[in-house]
């Protein structure tokens with residue numbers, strides 16, 4: 001087995017049942033690595049066995065035989081059973097794609113660190129969650145052979161606030177799943193509208209967890225200010241899992257009655273292209289992202305996207321999205337400008353589709369394979 005093509009085990013046991021950004025990263029990476037011919041094994045929760053068998057038919061699949069559905073049980077399994085599994089399978093590299101890793105492992109180890117906001121914006125996370133991920137980020141930076149980060153901004157921040165060695169980081173951007181995220185057909189757009197009860201009304205879309213980092217209260221207030229001056233105001237649709245941002249309800253309570261806001265909750269994957277691509281625009285005024293996968297996915301759907309310049313988001317959006325500040329006034333002014341300018345929205349939609357094509361999971365998988373080879377080299381040198 002050459003260093004350039006090591007045998008890799010991906011630990012997918014931390015992927016939640018409802019696929020958020022990290023879940024989409026792991027699933028898409030596994031599928032792309034398998035399609036690229038990597039010598040790949042995947043350990044996963046039993047509930048995900050059929051999924052990985054379908055998307056990665058050439059991979060060696062190892063469902064866990066014990067219940068590890070809670071964080072405590074999964075971490076215990078990771079520290080005790082996973083190292084033994086690594087030895088039994090005879091792999092060269094263990095890839096832990098969600099911050100944590102076995103503290104003692106016989107092989108080279110790669111850990112994906114998705115962002116640095118647990119250090120830079122800890123108040124935007126639950127305090128327990130922030131402490132947990134800060135501790136594991138530091139452990140991974142100290143113990144892993146190599147850490148993967150999804151953006152140059154994340155690498156810079158981890159170097160600044162967590163003392164990361166830039167030589168121990170591999171910047172590998174995400175791709176976009178074009179089977180799921182693409183300019184929608186009229187039928188797909190109509191199906192999303194029907195699901196949400198929108199009729200023919202224009203709407204502004206948001207997709208993401210309703211947590212403080214996503215800045216949803218400022219979006220709601222900005223939308224109310226922008227829509228107040230519209231003769232036929234659009235609807236604001238907030239799609240995504242409920243979070244712990246207590247300010248969202250207060251902002252919604254202050255929206256004038258003539259304006260409509262829909263809390264759509266979790267949307268099935270088959271409706272996301274129609275939802276994002278059918279919107280007048282997609283607003284994602286985040287306070288900071290490690291990458292910004294929802295922005296890229298909206299771009300791939302042909303959406304006109306409004307986001308911020310915080311952290312990694314300009315690396316994703318480039319000149320193909322509109323930018324605003326993070327305050328309600330800035331968001332409202334930018335929304336109003338875009339709603340009043342269909343020509344600019346059309347130009348940004350076309351530019352977004354072109355730029356989204358620059359991000360592929362095949363390219364990401366190729367870079368991950370190079371990182372696995374580099375990690376194995378570093379591991380062998382350190383022995």
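The table below gives the values:
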| quantity | calculated |
| --- | --- |
| Sole residue being in contact with a strand residue (DSSP E or B) (Cβ under 9 Å, 6 or more places away or on another chain) and more than 30 Å from residue 160 (Cβ to Cβ), chosen from 333, 300 | 333 |
| Residue within the range 263-282 that is surrounded by fewer than 16 Cβ atoms within 10 Å (Cβ to Cβ) and in a strand (DSSP E or B) present | yes |
| Residues of the range 50-83 satisfying the condition of being closer than 15 Å to residue 17 by Cα, under 22 Å from the mean Cα position of the chain (by Cα), modelled with pLDDT of 95 or more and surrounded by fewer than 19 Cβ atoms within 10 Å (Cβ to Cβ) | 51 |
| So residue 288, is it in contact with a helix residue (DSSP H, G or I) (Cβ under 8 Å, 6 or more places away or on another chain), farther than 20 Å from residue 326 by Cα and crowded, with 20+ Cβ neighbours inside 10 Å | no |
| Residue tally, condition part of a helix (DSSP H, G or I), over 25 Å from the mean Cα position of the chain (by Cα) and outside the structural domain of residue 38 (by TED's automatic domain parsing), over the range 331-378 | 11 |
| Lone unmet requirement of (1) in a helix (DSSP H, G or I); (2) under 23 Å from residue 190 (Cα atoms) for residue 221 | (2) |
| Helices (runs of 4 or more DSSP H) (entirely within the range 63-161) containing at least 3 residues that are farther than 23 Å from residue 212 by Cα | 71-89, 127-143 |
| Matching residues in the range 194-218 - criterion: being buried (at least 19 other Cβ atoms within 10 Å of the Cβ) and in a helix (DSSP H, G or I) | 196, 212, 213, 214, 216, 217, 218 |
| Residue within the range 12-20 that is assigned to a helix (DSSP H, G or I) and over 18 Å from residue 110 (Cβ atoms) present | no |
| Failed criterion for residue 144 (all others in (1) within 23 Å of residue 345 (Cβ to Cβ); (2) touching a strand residue (DSSP E or B) at 6+ places or on another chain (Cβ under 8 Å) hold) | (1) |
| From the options 213, 246, residue that is assigned by TED's automatic domain parsing to the domain that holds residue 352, modelled with pLDDT under 95 and over 18 Å from the mean Cα position of the chain (by Cα) | 246 |
| Members of the range 291-318 found to be assigned to a loop (DSSP other than H, G, I, E, B) and over 26 Å from residue 120 (Cα atoms), listed by number | 301, 302, 303, 304 |
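The values are calculated or read from the model by the stated rules, or taken from the named source; none is laboratory data. Being a predicted model, the structure only gives us computed values, none of them experimental. We place every Cβ from the backbone using ideal geometry, glycine too, and count neighbours over all the protein chains shown.
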